[in-house]
Each structure stands twice: as C-alpha cells, then as structure tokens.
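Heads up: the structure comes next, in structure tokens.
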Amino acid sequence: MMKLKDLADALGLSPTTVSRALNGYPEVSEATRERVLEAARRFNYLPNVSARRLATGRAGAVGVVLQSNRSLLLDPHYAEFLAGLGERFAEEEIDIVVSPTRGDELSNYRRMASGMRVDAIILSSPLVEDGRVKLLSELGMPFVLHGRTTSPVPHAWLDIDNENAFRQATLYLLDLGHERVGLINGDPRHTFAAHREKGYRDALAARGVATEPKMIASGLMTDEVGFRAAERFLGERDRPTAMVVSSMMMALGAFRAIRAAGLELGRDISMIAHDDVFPFLNADRMVPTMSTTRSSIRAAGTRIAELAVEMLGGRPASGIHELWPVDLVIRASTGPAPLR
C-alpha cells in the first residue's frame, strides 16, 4: 500500500505539502492541489484515516440515532433515506455512525457531541415540537434536519411541500365530483403528517366541504394500518368515494381492503398515494396504476448529505432552508365520482 512519503517522492514534493493539499489547506495553490489529487487517484492512494483526523481536527463521520425498538431499518422510507445519505457521504469518505437506542434518544446525542465521535448529526422524522433541535443547538453540534419543526432556534433543514401536495391531491379529487374524500395519514405528532392533514382540510374548506373526523385515520405507515383504515372507511353507511393516502405501503393495504369489499379501484373508488419512489414499488407497474404525489426520499437523503458537507465547509446553518415541490402524477387509480 502506498504511503504518504511514497506519493510525495513520486511528485517531488514534501510530505507536508502533499498532506496539506489532500486536506484542503488554503495555503496550497490550486495547481498543486489538482496535481496531488490527480496523482492520488492515479496511484489509488488512500490517506491514513487517523492521520487525516489529526490534521483536520475532524472525526470524518456523521451520526444518526436509530430507535431500535421501532425496527427502522426494516422501514423502506428510512432505508431509502439512509441509502441516499450513504452514497453521497461515501464520495467524501465520510462514515455514518449509527447509535441505537430503545428509549430517550437525547442521551445519545449528548454522548456523540461530548465524545467528538462525529462532525455533524442528521435528524429525521421530526415532531411538530422537537426538543432535539434545541438540544443540539445548545451543544454546539452541527446538524441538518430532514423535515421541519416549530422550533424557533435557527437550524438547517430540507423538507418537501407536504401541505401543498395533499391540498392539490384533495382538490383534484373534489373537482372530479368526489364529495366524500377520506385521509389515511401518518402519525399526526410528526410534522409531515400535520402538514398533510392541513393541506387536506384546506382543500375541503376551499370547496365548501365540511371536514368529518371519521373520514381521517392515522398511524404507522404500514400495509396493515392502511388496510384497517380503508376497511373502516368502507364500512361506513355513506362511505368515501376517494382517498388520499400518506404512503405507498399504506396504499397497498388500502387496495387490499378495496378488493375485499368487492370494489374496483379507479371506477368505484379513487385513490392518490404519496410515493417516495421506492425501487421495488413502482406506481406505474401496479394494476391499476397508482396516482401519486411523488418525491424521491433517496434524493432527499443525497441532498441532505451535500448540505451537511457544505455546512462543515463553513456555510451558515441558518441559511440552509430548502422546500421541495411535489409532483402530482395522475394514473388509472383515479376517476370521476361514481353515480349513486
């Protein structure tokens, strides 16, 4: 394996100059830096991690806390997000440190901050009121939030426009003549679910339709929860003729309930689901094809990794606020309200 001194000898430079070029020190000229980086690629040189950490003062890692009692690694939303993070951080030779917990995760953040094991932390699934933001700010630990929270503390975040996505989806169904539209949502303690419910309620109000609490269901975004919620809706005397659903996993369960009730999706009842763009669950390949609000959660993970790198490079966290629009894609699962 090539050592730093070997690379320096091959370039006719001092080991100190080569080390500074590899670690981005500003006193090294751009021409020298490019020459060193090109040679490192050509010779497949991998710098010693411990030496690089001593030189830069960085751990070369970011942290995430895993609620092990929730089996998040089996959750396709979390797995896709983590894949996006990992792919981008790998390009920067930054590791992801996963800290599992079964209880209060705040102690994990305190431990990571005090031990200097990571340079930054990635937060996901924020609550409407999320104490993690305040804690990490007080600890002086850089972090990027996937989603939003009501915390007034300045912080970096990236979110999709959940409110407008579900407003537009609900309006589309109402404008097709559906007067009773059900909502199958995630846990309302989470900001994304609160925003989706607000978009749904705003759309009903805009068309003069009263919100009925019995037409709103929420819970974990699983097939089973989707099935039970849709089953309850369809058991109502005046059942909904359309539904908006917070995930494709929930939509699979809702679809099972629709078939069990002897109804045809797209004719007897319409559905629009949120699609995080899972590689194994393609809305275009379902029968019938599924209308969706679409935004790639893997792309969000990739971008959050980029934002974390930018922040560690000096970009102020208070200036990192990205709200992504969401596409409404109409397919065969939606149609005009059936005649009664």
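Just a few scattered comments:
- Taking the Cα centre of segment 91-137 as reference, the dipole from Cβ charges on Lys and Arg (+1) and Asp and Glu (-1) amounts to some 380 debye.
- Most fluctuating residue given options Ala230, Ala113, Ala251, as computed from a GNM of the chain linking Cα atoms under 10 Å: Ala113
- Check: the chain dipole with +1 on Lys, Arg Cβ and -1 on Asp, Glu Cβ, in debye: 400
- Accessible area in square angstrom per residue, the chain, 1.4 angstrom probe: 48
- Protection-proxy order for peptides 303-313, 255-265, 322-332, each taking the mean of Cβ atoms within 10 Å per residue, highest first: 303-313, 255-265, 322-332
- Beta bridges from DSSP with both residues in the chain: antiparallel share about 10 percent, rounded to the nearest 5.
- With R₀ fixed at 45 Å, the C-beta to C-beta distance from Asp6 to Val128 puts the FRET efficiency at about 0.20.
- Rounded if a/c under 1.5, otherwise prolate or oblate - segment 188-340, Cα gyration tensor axes: prolate
- Accessible area in the full protein assembly, largest first, 1.4 Å probe, for Leu37, Leu11: Leu37, Leu11
- Approximating the spin labels as points 7 Å out from Cα along Cα→Cβ, the Leu176-to-Thr150 distance works out to 3.4 nm.
- Exposure rank, largest accessible area first [Met286, Met250; 1.4 Å]: Met286, Met250
- Surface share of carbon and sulfur [accessible, 1.4 angstrom probe, percent] for the chain: 54
- Convex hull volume per residue in cubic angstrom - Cα atoms of segment 244-298: 70
- Whether the chain is rounded, prolate or oblate, judged on the alpha carbon gyration tensor where a/c under 1.5 counts as rounded: prolate
- Positive-end residue, the chain charge dipole about Cα centroid, Cβ charges, pick of Asn23, Ala308, Pro240: Pro240
- Distance between segment 159-233 and segment 66-145 - C-alpha centres, whole angstrom: 29
- Unit charges at the beta carbon, dipole of the chain: most positive-side option, Ser333, Thr150, Pro100: Pro100
The values are calculated or read from the model by the stated rules, or taken from the named source; none is laboratory data. What you are looking at is a predicted structure, and each value in this text was computed from that prediction instead of being measured. As a convention, Cβ positions derive from the backbone with ideal geometry for all residues, glycine included, and neighbour counts pool all protein chains shown. Note: areas computed on protein heavy atoms with side chains; ligands, DNA, RNA excluded. Shrake-Rupley method; radii C 1.70, N 1.55, O 1.52, S 1.80 Å.
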